Amino acid sequence: MKRMKKIFALLIAIVMVLGMSTSVFAATGTPATGTITITPPSGATGTNTYKIYKVFDATVNSSTGAVAYKLLAGCEDTDVPTGFTAVRGYITAAPASLDDQATALANYDKKVLVDTVTTTGTTAGTSKSLDPGYYYIETSTGTAVYVNAGGNVQVSDKNVIPSVKKSAGTQYSEEAKKAIAAVGTDQAFTAVITKTHGAKNVVFTDTMTNMTYNEDVTITVSAGTAPTATEAVVEKTDTGFTVTFTDAYISGLADGTEITLNYTGKITSAALSTDPAKNTATLTSGDNGSSNTSTDEVEVYNAKITVNKTDGKDPLPGAKFKLKNADGQYYAGATTDGTANWTAAGVEVEAVAVTTGEGEDATTTYTAVFTGLGAGQYTLEESTVPAGYNKAADQTITVTADGFTAANLEQTSTVINEQGTVLPSTGGIGTTIFYIIGAILVIGAGVVLVTRRRMNVQ
């Protein structure tokens, strides 16, 4: 059993690396071939590439188990990695620091690529059969790789794929994955990136649907110094923006550091109500073809109010309505991009009176629609009353900030006009009153006449 362990241990010994990432294998025991099985890091979602390089050959004394490392064929004693020493083709000294060894091997131009292992997601991949030697593994995830010995070599990539989370508002909140905002207004967003071990080539992308990025992102960190414009390069895109972080900046942050991005987007679509504008944050990381991603999404809704006009029974045309918000501003119409405009507080003259029946089939219904609204309390006022009917009382409609249902976002208000009371049909105050007074006088005269006759008879 001891001998078997020595055989398999020949391929094993790892160097944890920061920067280019990798593993180095040292060997003790009897030379034997074997494979390397590599397990991707926690959180891997895409493909990751592991390049296996042979750095030195290995010889082992079968009696004593002593191991010697030799330069590869064709190399002179001067053809060694920085910090290493070779005498007559054998390695006699190496840097004491594992980080220094890793850096030296990453830059060593005499190493030979012997195999490439590609993994998908968190599924492990296995190399071909390899001869005993000193090996270096270059990973696309970023940095540290560890080896757990036993049987064929098992390499576990201990990197952790960095993640991103996002919400509406100026501070991250798990409860703010949805928001209601009026078309034409600015919606605030917060995205938080967690720096993880081995993070490299970190790129944040925000994709806005039916929104326009306001070019106002600010970046802060939970510990350390916020990045400069050259350490976090911001670029506007057709659908949002990207932030590319330099490896030097990311590697200087402690694992677990939170990078917070605050920014806004203007809602530019027509009223969407229950079909929201979506805002997606995506974080990619890794290199050498890596496609690891983390995403999170916020949905932004807006509301509309539909006025259904009737006489209590049948649809009624010819009415006009104005809408006033809680600040006393009147709805002033929507632009071609759906923006809801409002007058100055208390100014009604510029308000738009939406007429029932516009664009409607007169035989079925008469409605007026106010679109692109945010959360808040609104007052519906009838500004033009259909002929022959009385003005309806004002109605109050409330769109709640946390109601993401059609019942809240697509409210319908039924406004009933009652027919007018019976009034004189001619000018002045009419003749009916005179008929009434005349009748009273005639009755009164009759009463007086009867009374006098009785008195005379007595």
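Quick notes on this structure:
- Within the range 239-284, the only residue that satisfies the criterion of being part of a helix (DSSP H, G or I) and more than 22 Å from GLY43 (Cβ to Cβ) is ALA248.
- Selection status of GLY198, modelled with pLDDT under 90, assigned to a loop (DSSP other than H, G, I, E, B), of a type outside the set (A, V, I, L, M, F, W, C) and surrounded by fewer than 20 Cβ atoms within 10 Å (Cβ to Cβ): no
- Residue, modelled with the highest pLDDT, within the range 376-417, restricted to residues that are hydrophobic (A, V, I, L, M, F, W, C), in contact with a Leu (Cβ under 8 Å, 6 or more places away or on another chain) and within 12 Å of VAL307 (Cβ to Cβ): ILE397
- Number of the condition not met by SER167 [criteria: (1) assigned to a strand (DSSP E or B); (2) in contact with a Gly (Cβ under 8 Å, 6 or more places away or on another chain); (3) open to solvent by less than 10 Å² (accessible area, probe 1.4 Å)]: (2)
- Single condition ALA102 does not satisfy, out of (1) assigned to a loop (DSSP other than H, G, I, E, B); (2) at pLDDT below 90; (3) small (Gly, Ala, Ser); (4) open to solvent by less than 90 Å² (accessible area, probe 1.4 Å): (1)
- Residue in the range 56-63 that is farther than 30 Å from ASP247 by Cβ, surrounded by 16 or more Cβ atoms within 10 Å (Cβ to Cβ) and at pLDDT 80 or above present: yes
- Filter pass, LYS110 being more than 18 Å from GLY74 (Cβ to Cβ), out of contact with any helix residue (DSSP H, G or I) (no Cβ under 8 Å at 6 or more places or on another chain) and open to solvent by 40 Å² or more (accessible area, probe 1.4 Å): no
- From THR78, THR49, THR82, residue being within 30 Å of SER285 (Cβ to Cβ) and open to solvent by 60 Å² or more (accessible area, probe 1.4 Å): THR82
- Candidates ALA191, ALA223 - the one that is of a type in the set (A, V, I, L, M) and open to solvent by less than 20 Å² (accessible area, probe 1.4 Å): ALA191
- Scanning the range 351-370 for residues that are at pLDDT below 65, open to solvent by 30 Å² or more (accessible area, probe 1.4 Å) and in contact with a Gly (Cβ under 9 Å, 6 or more places away or on another chain) yields a single hit, VAL352.
The values are calculated or read from the model by the stated rules, or taken from the named source; none is laboratory data. Everything quoted here is computed from the prediction, not taken from an experiment. No Cβ is skipped: glycine too gets one built from the backbone with ideal geometry, and neighbour counts run over all protein chains shown. Each accessible area value is taken on the protein alone, full model and side chains, heavy atoms only, with ligands, DNA and RNA left out. Shrake-Rupley method; radii C 1.70, N 1.55, O 1.52, S 1.80 Å.
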